[in-house]
Each structure stands twice: as structure tokens, then as C-alpha cells.
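Student: Pasting in a structure now, in C-alpha cells, and then I'll have a few things to ask.
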Amino acid sequence: MKVAIVLPRGMVFSENGATSIDLVVKDQIESTRCSVDSYVLGSKTEKPFTGFDFRSVVGHTQKLLNSGFEEHISMDLPDVIVVHQYPQTAAYLAKKFPAIPVVLYRHGLLRKNRNVLSRLVKQRLFIPLRKIIFVSDFIRESFLNEFPQLSNKCETLFNSVDTTVWRPAVGKLNTISFAGRAREDKGILELVAAFLDLQKKDWTLTLALAVQTEEEKAFLRKLIRYISDEHQIQLRINLKSHEVREVFASSRIACLPSIVKEGFPRAVVEAMSCGCATISTNSGGTPEAVGDAGILLEDANPITIKEALSKLIGQPSDAVLWGARAREHAVSKLDKRSHTTKYLSILDSV
């Protein structure tokens, strides 16, 4: 089976700056090489992942990118087209290649429809698609609340990691870690405020931040001004995947207090697989990722974050137990091997 995988704008299919979507695609290609021949279409990327068939498409608008995707696909016709995130791109390619099944892979919520007409217009985008994959039941159910008649097209496939690679280090450090985009809605400033209020001189906070957009660069400048004299806080910018893994592997606690409703946060899965006692928020698809193996906050603010951190730091044995529970949960529920089987099953079904 040959699969064309289409990435949305803003992705960086490279060791330097890869997003969670890029890493999902990379893992799935690696896991399915024996039975699937995949190539990836995306915006131009400096030094794409080695060992992958990545084909750059040039275009400063989505319309131009769609035309570029069409051109590449017409020269190397696949058996299935998998489009990540953009319904408009999926619908465009389904119209251009009616004989090839198109699968939409959604990692986040769709924008709310303003009215009935808006919903009907959007519904037309999904009709020609063979399947729609959602990374959590939360996103799937939100979609079906708007489009219940499309339930037969919908599948849920959780994000996952290779738990034999994402694993705890032999020795854990008194470190609280965060990994994610440098954005206001990730709860980073709230986490920093909580950590500073703890006044624990024998603990450090490591922030592994992905900084690509102008908005993220502006947030980073704001964050640097805020923590300029704080030697217990370490900033790590645009780490490679294996470097993020090293951060989580050596950290005793991971705190990922996103304010926005995440689809199924990969960073939470990574932290749990690395045996971190994990604190996150009880919203979106995060509870599905965490299960009963992590601490979920109803409201992520400096006070609630500080309370959760204080309990783990004050009771080291509890932190160890939460870390072990997180690791067990990741191995049994979030390992990429079982998820690869379902992914292949979905592709075979179309």
C-alpha cells in the first residue's frame, strides 16, 4: 500500500522544531514501513528527517499549497491520501482524485459554526472523505455534536509513543519539567509563578520550549524578562526529540498545565512514559491521555499548581508512586505498537 501524507502549514518535519503532528507522522511511518510505502508532502523544511521520503511544496497561501499537493500526488498516485488537520485540503484532494480514498486526521477542535448555513457549508467538506480520524474521543464527540450523520466515517486513534525508547533514566533529579509550544495558553507563566512561590532551593524548573512563530518569539521575550534573575529556572529552546526525551527521563515531576482544551497532548504521553509524576489539566482530551495515572487540575492557576507541586515535593514517596503509575499506564495503554495496528486497520478499511 502506498500512502501520501499531507501536512498542514506550520509543520516542521525535521529534528529541529518538529511539532507533535510531525512526530505522530514520523512514528507512524517508522512503525508501518513493512507494509506501507509512505511519502510526506509539506511546506519547505530545512534538513527534514533523514530516512523519510519528504517532498517540499512551495506556496505562501493554502490555495497554492493545495495546488502543489495536487501536482505531486498526480505524479505519484497513492492508494490512500491522509490529510492532517485541514478539512478544506482534504475535500480539495478528494475532488481532484475521486478514485483515491482520502482520510482526514484531526488533532484539534474545529472552529464552532456561526449558524446553520455555516454548518451546512462545512458539512459538504466531509461528505467525500472516506474516514475521519480523531486523536481523542473528546474531539470526536465534539465533531459529532455538530455532524451526527457522519458517525460512520469517524474513528478515534490516541497519540502514542515508543515506550521502549521513552523511558525513565536510572536516576531521577529534583526537576520539574515542561515541554511544549511557547504560548500564553500553555500555562507556562502560571507554572513559573507557582514554582517561584514554592521557594524550594533544591529543585529546578526546566522549560523545553518550541519557538517558531513571531507570536512564540514575543512570548519568549516576555518570559525571559520575567525570569531573568531566577537561576533555578532553565530554558531549553527548540530541542530535538531525543533531547526532550532526556529532559523528561531525568525529571521527577512533569507539569503541563495547559489552559486551552488540548486534543490529546503528546507531551503528557511522553512525560508519563518517562516515569514522571505528571500534573495536567482536566479539560479537552487530556483526561483520556492521563487516565487515573496522573494529577488533573480543574483550574490551572498559580495557586492550584503550587498546591499540586507542594504535595509531590513534600511526599517524595508519593511522587515515586505517581511516576510508576504513569509509566505503567503509558506502557499498557499508550504504546505505539497497538496503535499502529489500529492505524493500519483504518487504512485497510478504506
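Student: Mind checking the angle between helix 116-126 and the chain's longest principal axis? C-alpha axes, 0 to 90 degrees, to the nearest 10.
Tutor: 80
Student: Write down Rg/Rh for the chain, rounded to two decimals, with Rg from the C-alpha atoms and Rh from the Kirkwood relation over Cα pairs. Spell out each step's value before the answer.
Tutor: Values: Rg = 20.6 Å, Rh = 21.0 Å.
Value, to two decimals: 0.98.
Student: Relative to the longest principal Cα axis of the chain, at what angle does helix 137-146 sit, 0 to 90 degrees, rounded to 10?
Tutor: The helix 137-146 is inclined about 50 degrees to the chain.
Student: With the cut-off at 1.5 for a/c, could you classify region 16-82 from its C-alpha gyration tensor as rounded, prolate or oblate? Spell out each step's value before the answer.
Tutor: Details: a/c = 2.04, a/b = 1.20, b/c = 1.70.
Since a/c reaches 1.5 but b/c is at least a/b, the shape of region 16-82 is classed as oblate.
Student: Calculate I(q)/I(0) for region 1-127 by the Debye formula, one identical point scatterer on each C-alpha and no solvent, and give its log10 at q = 0.09, 0.11, 0.14 Å⁻¹ to two decimals.
Tutor: -0.25, -0.38, -0.61
Student: Cut-off 10 angstrom, C-alpha nodes, Gaussian network model of the chain. Which of Asp292, Asp335, Asp202 fluctuates the most?
Tutor: Taking springs between Cα atoms under 10 Å, the residue moving most is Asp202.
Student: Please report, in debye to the nearest 20, how large the charge dipole of the chain is about its Cα centre when each Lys and Arg carries +1 at its beta carbon and each Asp and Glu carries -1 there. Don't skip to the answer; put the middle values down first.
Tutor: On the way: 46 positive and 39 negative charges, 142 e Å.
In total the dipole reaches around 680 debye.
Student: To continue, here is another question. Of the candidates Thr204, Thr304, Thr50, which one comes out as most mobile in a Gaussian network treatment of the chain with C-alpha springs shorter than 10 Å?
Tutor: Residue with maximal mean-square fluctuation among Thr204, Thr304, Thr50: Thr50.
Student: Order of Asp229, Asp162, Asp22, Asp27 from fewest to most other C-beta atoms within 10 Å? Please report the intermediate quantities before stating the final value.
Tutor: Details: Asp229 6, Asp162 14, Asp22 24, Asp27 21.
The fewest-first ordering by Cβ neighbours comes to Asp229, Asp162, Asp27, Asp22.
Student: Moving to a separate point now. Report, in listed order, any pair from Lys2/Lys153; Lys26/Lys186; Lys47/Lys342 with a Cα-Cα distance greater than 26 Å.
Tutor: Details: Lys2/Lys153 21 Å; Lys26/Lys186 24 Å; Lys47/Lys342 31 Å.
Those over the limit are Lys47/Lys342.
Student: What lysines sit close enough to Lys172 to cross-link, taking a C-alpha to C-alpha distance under 20 Å and skipping anything fewer than 8 places away on the same chain?
Tutor: Hits, sequence-local ones excluded: Lys200, Lys201, Lys311.
Student: Lys112: which aspartates and glutamates have alpha carbons under 17 Å from its alpha carbon, excluding same-chain residues fewer than 8 sequence positions away?
Tutor: Glu141, Glu146, Glu262
Student: For the chain, set up a Gaussian network in which alpha carbons nearer than 10 Å are linked by springs, and say which option among Lys131, Lys336, Lys222 fluctuates the most.
Tutor: Result: Lys222 has the largest fluctuation of those listed.
Student: Taking the 0 to 90 degree range and rounding to the nearest ten, how far is the long axis of helix 188-198 tilted relative to the main principal axis of the chain, both from C-alpha atoms?
Tutor: 10
Rule-based calculations on the coordinates, nothing more; no lab input. Every value quoted in this text rests on a predicted model; they were computed, and no experiment measured them. All Cβ positions, even for glycine, are placed from backbone atoms using ideal geometry, and neighbour counts span all protein chains on display.
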